[in-house]
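Here is the structure we will look at.
The values are calculated or read from the model by the stated rules, or taken from the named source; none is laboratory data. Bear in mind that the values here come from a model prediction, so they are computed numbers and not experimental data. Positions of Cβ are backbone-derived with ideal geometry, glycine not excepted, and every protein chain shown enters the neighbour counts. When the accessible area is computed, the model is the full protein with side chains, heavy atoms only, and any ligands, DNA or RNA have been set aside. Shrake-Rupley method; radii C 1.70, N 1.55, O 1.52, S 1.80 Å.
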Amino acid sequence: MTSQLRLRRRNARPALPADSHVHTQWSWDAPAGSMEQTCRRAVDLGLPAVAFTEHADYTTWVANPHKPVNEQWPERAGTGPDGRFGTPPLDVAGYLGCLQRCRELFPGLRIVSGVELGEAHWHQAEVAALLAGHDFDRVLGSLHSLGRDAPVMVDAAMYDPARPGALIRAYLTEALTMIESAAPFGVLAHIDYPVRYWPGRRFEPAEFEEEYRGVLRALARSGRALEINTRVPLAAEIVRWWHEAGGDAVTFGSDAHAPEHLATLFAEAAAVAEATGFRPGRHPHEVWRRG
C-alpha cells in the first residue's frame, strides 16, 4: 500500500448514516429551508441518503402568550377567529415536484420522500386522506402538543418552571396513547421533544425511566422504529432502554430546518447506536437494526 493511500484512508471521514428527518421550504416552520441546498450539503457531507419529512399538522393550538408562533412565522400561519393558532396544509404537489427535480439534479444521492404527522392519533380522517392520496417512503409520528381539547405547544407548556417533571410525564403518557393507537406511522420522532425546553438544571432521564421504558416497550410491540434525534442529542440511556425493550430498529434525524443543520452530531449518534447493539443495514440508506 502506498503512503499516499494510507494518508487518504487515515484522513477519510467515517461514513455517516442517512438523515431521515429533514425539513425544507415546504414545511410551514422552515422559512430558511431549501431542498436543493440541503441536497448539495448532503453530497458534501457524504450522506448516503436524506429523507425530506415535511410537516403535516392539523392541530390548532391555544396561543402561547410567551412566544406567539404567529409572530415568528407571519407569512405561513395565523390565528383564526376562535383565537387558536393554525398552520397551512402541506403543498404535496409542489413538494413532490421539487423532490423529483432534486432527484434529477443529484442522481448519486438517494432522496427519500416523507412526511411528519403531528398528533396523528388526533386527526385520523385528515391523516388517512393524506396518505391515501400519496405514497410516502418515510412516515414519522410526532407529538408537539399537550391537551387534546385545548392543545398547547410543548414549548408553551414548558414555560411553567414549577412543574417540568409533570409535563415530561404528561408528554410520555400522550406519546404512549399515540403509539397504542392505529395512527399510521413507522417511526416515532423525538421521544425527548420536551427536553429542548427543559429549564435550568441538567436533564436526567433516569428520573423518568419507568415512563420512558413503558413507551419504548409499547413502541417495540408495535413494530415501529425509534428515531435518534440529534437536535438535542438523545440520551444514551434511552437508546439502551430501547434495545432492552426489544426494539428492532433505529433511524437518525437531525430535524434540520435549514441546510447547515443537516446531520448535526451524526457521528456521535451513530457511535451510541453501535455501542448499544444496532448495526447499519445492508444498504447505507436503510434503517439500523439490532446486531
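Just from its helices, what would the mean residue ellipticity at 222 nm be for the chain, if runs of 4 or more DSSP H residues each count -39500 (n - 2.57) and the sum is divided by every residue, rounded to the nearest 500 deg cm²/dmol?
-10500 deg cm²/dmol
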Each residue of the range 90-96 in turn: what ³J(HN,Hα) in whole Hz from Karplus with 6.51, -1.76, 1.60 and θ = phi - 60°, glycine and Pro shown as x?
-> 5, 7, 5, 4, x, 4, 5
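Over the chain, with every protein chain in place, what whole percent of the accessible area is carbon and sulfur at 1.4 Å, could you tell me?
Answer for the chain: carbon and sulfur cover 51 percent of the accessible area.
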Counting only residues 5 or more apart in sequence or on a different chain, those whose built amide H sits under 5 Å from that of Ser145 are Val154
Per principal axis, descending, Cα span of the chain in whole Å = 70, 43, 36
Projected area averaged over orientations for the range 156-238, convex hull of C-alpha atoms, nm² = 5.4 nm²
List the residues whose amide H sits under 5 Å from the amide H of Ile228, counting only those 5 or more places along or on another chain, with H placed 1.01 Å from N in the peptide plane.
-> Thr251, Phe252, Gly253
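For Ala206 and Glu286, calculate 0.36 nm times their separation in residues minus their Cα-Cα distance, and state this gained length in nm to one decimal. Intermediate results must be reported in sequence, preceding the final value.
Details: separation 80, 0.36 × 80 = 28.80 nm, distance 3.05 nm.
Full extension of this stretch gives 25.8 nm more.
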Find me the longest stretch of the chain that has none of the exposed trypsin sites (Lys or Arg not before Pro), where exposed means in a DSSP loop (not H, G, I, E or B) with at most 12 other Cβ atoms within 10 Å.
-> 1-147
So, with +1 on the Cβ of K and R and -1 on the Cβ of D and E, and no other charges, what is the size of the charge dipole of the chain about its Cα centre, to the nearest 20 debye?
-> 1300 debye
For the chain, what proportion of DSSP beta bridges, expressed in % and rounded to the nearest 5, is antiparallel?
-> 30 percent
Cα-centre dipole for the range 129-179 with unit charges at Cβ (Lys and Arg positive, Asp and Glu negative), debye to 20 | 180 debye
With labels modelled as points extended 7 Å from the Cα through the Cβ direction, what inter-label distance (nm, one decimal) is found for Arg101 paired with Gln124?
-> 3.9 nm
Mind checking the dipole of the range 160-210: about its Cα centre, +1 per Lys or Arg Cβ, -1 per Asp or Glu Cβ, Debye to the nearest 20?
-> 240 debye
Projected onto their principal axes, the Cα atoms of the range 121-162 stretch, largest extent first, over whole-Å spans of 44, 22, 10
